[in-house]
Amino acid sequence: MGSQTAEVGRRGGAEGAEGKRATQGWINGFLGMVIFSGSLPATRVAVLEFDPLFLTAVRALIAGLLGAAMLLMTAQKRPQKQDIIPLILVALGVVIGFPLLTALALQHTTSAHSLVYIGLLPLATACFGVLRGGERPRPAFWAFSVLGSLLVAAFALSQGSGSSWLGDLFMLAAVVLCGLGYAEGAVLTRKLGGWQVICWALVISLPVAFALAWYAAPASWPVASPQAWASLGYVSIFSMLIGFIFWYRGLSMGGIAAVGQLQLLQPFFGLALAGWLLQETIQPSMIAVMAGVLACVFGAKRFSR
């Protein structure tokens, strides 16, 4: 009888620890999502005055140098050989691919239309979480995930079109690469740690970033507004580095597929930020749709395991 009671106690303790870990994962994921919400508004401001390729290279360069300094100051061990390919995939997805492709897309499409594809990012992350992270969410999870994506896409389409096939192609490729980068980074976080993963991915990207910055550098020092420079600073430090520290930790602790659904809220936080910084109108319909999306996020969380 005593052994059974002890076993029940151990199971209860393990379940409690797992629940606490999952909660911490969702908190970290939420903070990362909020930081990422400023990426598209900041990119939209910066790309008006900076070449997209130059913008992508410089933000990766700044973040990469900061990441290298963090690794050196804390004397981190180098990744093992089997970690190099996943780190390259992380770099390809979130350091170079997504920033460059979204910057190019915003030259051919409106920010409202781009939200259609941002709404597909949680699905892409969940799919790669199954393929690369070994996760197996319940069927109800996929129903809530698809419904949430449809709500975001319908809301974005209701804001107007104004796109081209080239802009759509850039955004679709950006979403696929970003979902892959998120999943690979989350898997590596369990081994290397969240901030270490993004820092090593940034360091691996430094040679490419240097080459692209040299190639795309304007003939003279670019004359840009303070808003453009501030936007460049935000996407370099927050979107490219700090946000990923929280995001990868959240995906690793709370589950790639589950915590990835928080991205459904990103467009609404982004629009709210744009309304605050750029004086864009926030419509009542946005609040109503966000409530529905929030219900889908909690539904997906309930059936993610």
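The values are calculated or read from the model by the stated rules, or taken from the named source; none is laboratory data. What you see is a predicted model, and the numbers here were worked out from it, not measured in a lab. Neighbour counts run over all protein chains shown; Cβ positions are idealised from the backbone, glycine included. The accessibility values were calculated without ligands, DNA or RNA, using every heavy atom of the protein model including side chains. Shrake-Rupley method; radii C 1.70, N 1.55, O 1.52, S 1.80 Å.
When the Gaussian network model of the chain links Cα atoms closer than 10 Å, the mean-square fluctuations of Gly167, Gly119, Gly19 top out at Gly19. Given 0.36 nm per residue, what is the gain on full extension from Leu48 to Ala17 after removing their alpha carbon distance, in nm? Fully extending the segment from Leu48 to Ala17 adds 6.4 nm.
Each residue was assigned an accessible area with a 1.4 Å probe, and for Glu49 the value is about 80 Å². A 1.4 Å probe run over the chain, with the rest of the protein chains in place, finds 46 Å² accessible per residue.
With respect to the chain, whose longest principal axis is taken over its alpha-carbon atoms, helix 266-277 is tilted by about 40°.
Considering only protein heavy atoms and a probe of 1.4 Å, how much of the accessible area of the chain is carbon and sulfur, as a whole percent?
70
Centre-to-centre, using Cα atoms only, segment 19-83 and segment 207-240 are separated by 15 Å.
Answer rounded, prolate or oblate for the chain, using the Cα gyration tensor with square roots of eigenvalues a ≥ b ≥ c: rounded when a/c is under 1.5, else prolate when a/b is larger than b/c, else oblate. Cα axes put the chain in the oblate bin. Counting lysine pairs in the chain whose alpha carbons fall under 22 angstrom apart, excluding pairs fewer than 8 residues apart on the same chain, gives 4. Between Leu72 and Leu166, the FRET efficiency estimated from the beta carbon spacing at R0 = 41 angstrom works out to 0.50.
Taking each DSSP H run with n ≥ 4 as -39500 (n - 2.57) and averaging over every residue of the chain yields -25000 deg cm²/dmol at 222 nm. Judged by the gyration tensor of its Cα atoms, with axes a ≥ b ≥ c, segment 33-192 is oblate; a/c meets the 1.5 cut and b/c is at least as large as a/b.
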